Amino acid sequence: MNANVYRQDGTFVSNIAQGKEVLGKTIPLPPGEGGSSTSSQNSSKLGEGLYWRGNYPDSQSGQIVTGGNYKIVLTASAKDGSSSKTEIIDGISIDTFSINDSLAKLNPIGEETFFNNQKIRYAEGESPYYFEAKGIGKYFPQQDFDYTLTATGEQIITAYPYVPFTGLMHRWFDEVNCKAIVRAEGQCTDHWTDYNIFGAEHHDAKSYEKEIRAYAVNLSKDKTSITVSGEGYVNDWYGGTSGSRSTYRTFDTCTLYLNMKDKNGSFTLEALEVTIPKIETSYNLNVPANIGQPLNKTLEEYVREKLANEITLNSTPTMPAVTGGRGIFDISIEKTGKPTLRWELVYTTTQKNQYTLQDEPVSYLYKVYITRPNTLNKYDLNFAFNLKLKSEIEFSRLTNRFIPYVGFVRYGAPYMEDFSDAMEDIATGLAFPGRLFFEDTDAYLGKPYKSKEMMISDINSSVDNSGGGSKTWGSVKKEISESNLFKYDGSKNATLGYEDYLSYDHIQFIPITEPDGGKIEYQNNSPIVKAYTNLVYPAQGKEGVISDFKINWPLDYVELDNLKKQQSDKKKELDPKTGNPQKYTSASKDGTYWDFNQEELNERGKYTNNTKVGIGRLVYSNSSNRLEWSFPKTSGQLIDLNNLSFTVIDPYYSVSTNTPGVNVSLSSTSPNGKISAYKNISGDDWTTADDINLVSSYGVIKTPLLKFNEDKFLGKRELEISDFYQTADDYQSAAASKYTFLKYDPFNNNGETPVDNPNIKIEEWNVKIKDKNGETNKDIALKDISKKDKRVNDAITLKLKLDSAEKRYVQISGKVNGSYELSYFDGETWKRIYEGNNLETSNPGNLDTLAWWDVSRLNGKYTVLLKSGGYIAQENISIGTLVPKGTAKTVYSAYKRAELDFPQNAFVDENKNPIDQLVTVTPVSMNEIYVRNRPIIMTQGPIVEIFPSPWKFEVNKETGVDMRPTLKFIYTQDDLFELGLWDRSKGNLEVGKDYGFPLNIHQITKSGDLQIVSENKQDVELNNGEYQYVFSAPLDHFSTYTLLKGKFSLSAPIVFADRYMTNKDTVIIYGTAEPNSILNVYVYKEPVNTPLLLGEGESPTSSQTTSNLGEGLATAGEDGKFKFENIPLSTEGDNYIYVTSHPKGDENVVTYSDVVVTKDTIPPSLEGSKTLSTFSPNNDGKFDEINFKLKSNEKGTIYFKLEKVR
């Protein structure tokens, strides 16, 4: 299987798998749940899927892509080469996070270099430390003292008043689109006679209902009404009755129902009822027979002409009664309605033709019916109405909405209001009624609006200008509230459907009053309204305008917070939502609420140095018999307030001292006052905490971060304390008399520097060794404090502990402005580095150290991620020591106890071309390394991991060139003494000699095996005056190595059980181990990390238990085989059985393996229940289904059988 990642444009990104063999079906696990490229213990297939976690350029890299669209191309090839198949997983999208360097920034990590012809940043990491030295002794004063001069006063601050503005937000529609559906209901009568010669006439009254017509109604400013007309003839709607003759119907009553629906006809806006009056108008008319023929006149024309002199056909009809409705639409009579004529033949006059002797018609007698518009007669219905809105479309509540608005704005903070949400508010906002509104019988429209011009005129004429926009607010609210809104407090759903009857939406803001010193900005058809003002009351005054706000100087934040709270309370009082804006009176201190120039306040806040701390020297005065001192400069010269960018009003000076027994005073509290002091002679205890030169380090001599072994390994370091003390140029003042060291001797300056302070006698040093975080350093011990003839030459001796952890850390610096989180990507998952917060008000967002990143066991490429306030920053960094091609190189552990010497061109690619490589040598503990069966060993010094692994080296068979790196472990004479290998009475080691100590470098394999490395060597070296013993061996591959006593190989035992699931009380454990090794067996209820008697395991039986681990329960044979009979299983369920192995006579080296045997003595139980006692699956909807519930006390398969028994 080959798998590669590409961008959508085909650019290669990363390789996931190359030639990975896959057998059978794989089941990938999600990351964080065991997902990896290795097999699980429970299933050889589980977790074998391929994963891409954003790594590039390969799946093991710590660098990840940051965003974009990607695809994965999978190619599977049969092992025999018979076929192949390619699949593409497309549409992989990775988010790009927000980046803002001003809020979240990482400084570049490490240093820049070229790595295999590519520019990268890399870091080796270091284990820095520092020490603090506190001196303790006596101070013999030269009668010095400290004084503090303090200046206070008042200051004026710039203020911005909030000023109001008012207006109306108007939303309207140009067109109303409806569907008018006319329906007729009423009574009619059937008239009919029997078929016999004596047939009697019958009458049958009945109801009728008929939808006559649907009209599309589109009303606008230009088209304010529409004619709704129609007609009907009763026999057109109802035919004759079968089985009758001379059948006809007549209208009795008729009511027209006019339903005004939305344009889709889905809901009714308004329902109107019109009762049509019945007017019986009919005439008898004789018509010559030839009129019925197609001569020069139609019958209707003949009828109209004949009747013209008898009746007025075009008379104005009477408006029928209209009922119902919400007051939305109005109906009026259509003045131009034309009467409708209908007739029926009553009698035909005939005479015999003298030629044909046939009866022929001579004339016809017709009954003529006249139906006027909006009337009903015997047979006819005729109507014509004029339909329009109740109020004109420009003022109608159906098409217009207004919102009164008042806002407050100040300089520097433009105000913006978005009315978008109001467009969904039907009760008090700009939304228009929808289906729910019109289906609510209690909801109705308010009265029509006035025109915008009339509104503004009425509003402006009803108020004076003393209160600006706030006074107008009451009138605006009143004007709008008089239109009653909709009297409907519905939800947002009440507006759904308004688009079905309204068209051409508009929105416009109508300004009423603008803010003082500013204006309102808006655009038609935009819900956004902006306002601003330039009204400022400056602190220094301008053009006769100055702020009324005066506060203490220096800035009192409690006073400032109280002032801001007053403004916040005033804001609530004037806010339209929480208070009454009409309480605004003017842009005065109490007439509105104010804001202040925060930038100015921040700048003023920097002027906190209203004090002058000084040192004076008291001189004995014979006249007063006391120590006295006076300063020649005035208070105003010491603290010059004239250099400030603002004016301090009524400055007041005071002076104080922290020196016991000293009295200080001012001749005046004005700037012209002078300081004087007096004190009796006394002496004090002294520490470096009294040294004001050490204030920044909290009274101790503190070194910067140091490296214990920067160039070469040394077990001890001697450092002079004074090397880390920064002497001040001042060495003659009273303050200098408490300095730990002085630049020169104030009494006898011979040019020597630095020198002991003649006023100080340092009796002892209190030294603390700390790590980079200020914690006690666990790797470096204080060996000795050497006092010399002069304190300036005192030195400390530091010793590297034998069991030092040798952690490596990389400093991560950057910029944040609040809480933040640092993490890194290790190729599979994100791991947290540090969480912190950087909200110090004195210097927020400063560039500084964000964290020290522990990179001790890291090697290769990584991505460091900073998250802060919704933003991220990232830096790619490679971890390790660069071994450049073409150069021999030594790679060290953090303190250089372990080193790896590489020959030139030690690393080559698959084509044997030399390449650059990053290498790490990291001391670790046994608990940190990953092995399947972790050996239990007593190491002599560190266990080191070497990365990148795996990597193999060899001796060139043709040239004999040895390309193997050499691993070295370095120990001092003191280390050998601690290990019990050297007796100090023997003196120093002999350089170059191999003492044959019983220690050898061994490899710890991933399976937990221990293997001695060939060609182990040891000898003595003299480095920087220190005797060192070096253990070394060439390595043919990278792995985990340590020093162990002896020379041996010890493999973890291979353990089996005769059964892994049993209902027996015992089990047989057998397998293979190192020949002649000693084995013990332990049974635990739960898995453990250390399967020894120290744990809480249970021994097999009392007869097999031994108190001496060395005796063992079994010994492996010459062939390595072993067997434990009748190992008891004490736990129902899983029993964790561990077998340990160690060489005979050496209990310090132990390895182990384990097996799990499940004891199951409780038989499975099964329970079943059903929901019905009987059921009938005949699809009649009753008892067609029955449910069975099954339950077992064990995991497994339940077999269920349903059969017919009769």
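General remarks:
- Taking all C-alpha pairs of the stretch 566-712, those more than 20 Å from each other amount to 72 percent.
- Convex hull volume per residue, computed on the Cα atoms of the stretch 489-598, equals 176 Å³.
- In this label model, GLU1015 and ASN911 are separated by 2.9 nm, measuring between points 7 Å along each Cα→Cβ vector.
- For THR11 and ASN524, the FRET efficiency from 1/(1 + (r/R0)^6), where r spans their Cβ atoms and R0 equals 30 Å, is about 0.05.
- Applying the criteria of a DSSP loop state and at most 15 other Cβ atoms within 10 Å to the trypsin sites (Lys or Arg not before Pro) of the stretch 894-925 yields LYS912.
- Calculated FRET value between ASN580 and GLU424, using beta carbons and R₀ = 25 Å, to 0.05: 0.40
- Considering only the Cα atoms of the stretch 694-763, their convex hull presents on average a projected area of 6.4 nm².
- Estimated at 0.36 nm per residue, the fully extended path between SER207 and THR1158 surpasses their Cα-Cα distance by 333.5 nm.
- Considering all different alpha carbon pairs of the stretch 807-927, the Kirkwood hydrodynamic radius works out to 16.6 Å.
- Rg/Rh, computed from the Cα trace of the stretch 331-439 with Rh as the Kirkwood radius, has the value 1.54.
- Unit Cα scatterers, Debye sum, the stretch 660-710: log10 I(q)/I(0) for q = 0.18, 0.26, 0.30, 0.31 Å⁻¹: -0.83, -0.94, -1.04, -1.07
- With both labels modelled 7 Å from their Cα along Cα-to-Cβ, the SER84 to THR253 distance reads 9.2 nm.
- Its alpha carbons considered, the stretch 881-1045 gives a radius of gyration followed by a Dmax of 16.6, 56 Å.
- Each peptide in 549-556, 519-526 was scored by the mean count of other Cβ atoms within 10 Å over its residues; highest first, the order is 549-556, 519-526.
- Once the Cα gyration tensor of the stretch 519-582 is diagonalised, semi-axes √(5λ) in Å: 30, 20, 11
- Computed from the Cβ-Cβ distance with R0 of 45 Å, the FRET efficiency linking GLU1118 to ILE1198 stands at 0.30.
- Stokes-Einstein D (µm²/s) once Rh is taken as the Kirkwood radius of the stretch 1120-1206 over alpha-carbon pairs, at 10 °C in 1.306 mPa s: 83 µm²/s
- Residue exposure sequence - ARG410, ARG183, ARG342 - by fewest surrounding Cβ within 10 Å: ARG183, ARG342, ARG410
- In this simple spin-label approximation, LEU601 and ASN988 carry label points 7 Å from Cα along the Cα→Cβ vector, and these lie 7.1 nm apart.
- Flagged links, alpha-carbon separation over 18 Å, of LYS716/LYS768; LYS210/LYS388; LYS223/LYS452: LYS210/LYS388; LYS223/LYS452
- Estimated translational diffusion coefficient (Stokes-Einstein, Kirkwood radius over Cα pairs, 37 °C, 0.692 mPa s) of the stretch 43-103: 222 µm² per second.
- Using the Karplus relation 6.51 cos²θ - 1.76 cosθ + 1.60 with θ = phi - 60°, the per-residue 3J(HN,Hα) values for the stretch 516-522 come to 4, x, x, 7, 10, 10, 7 Hz, with x marking Gly and Pro.
- Protection proxy ranking of 397-403, 770-776, 173-179 - average other beta-carbon atoms within 10 Å, highest first: 397-403, 173-179, 770-776
- Residues GLU514, GLU910, sorted so that the one with the fewest Cβ neighbours within 10 Å comes first: GLU910, GLU514
- Loop-located trypsin sites (Lys or Arg not before Pro) in the stretch 957-1033 (DSSP state other than H, G, I, E, B) with a sparse environment of at most 11 neighbouring Cβ atoms within 10 Å: LYS957, LYS993.
- Paramagnetic label zone (point 7 Å from Cα along Cα-to-C-beta, TRP830; backbone N under 17 Å) in the stretch 93-115: 93-100, 104-106
Values in this text are rule-based calculations from the coordinates and carry no lab data. Only a predicted model underlies this, so the values are computations on that prediction, with no experimental measurement involved. As a convention, Cβ positions derive from the backbone with ideal geometry for all residues, glycine included, and neighbour counts pool all protein chains shown.
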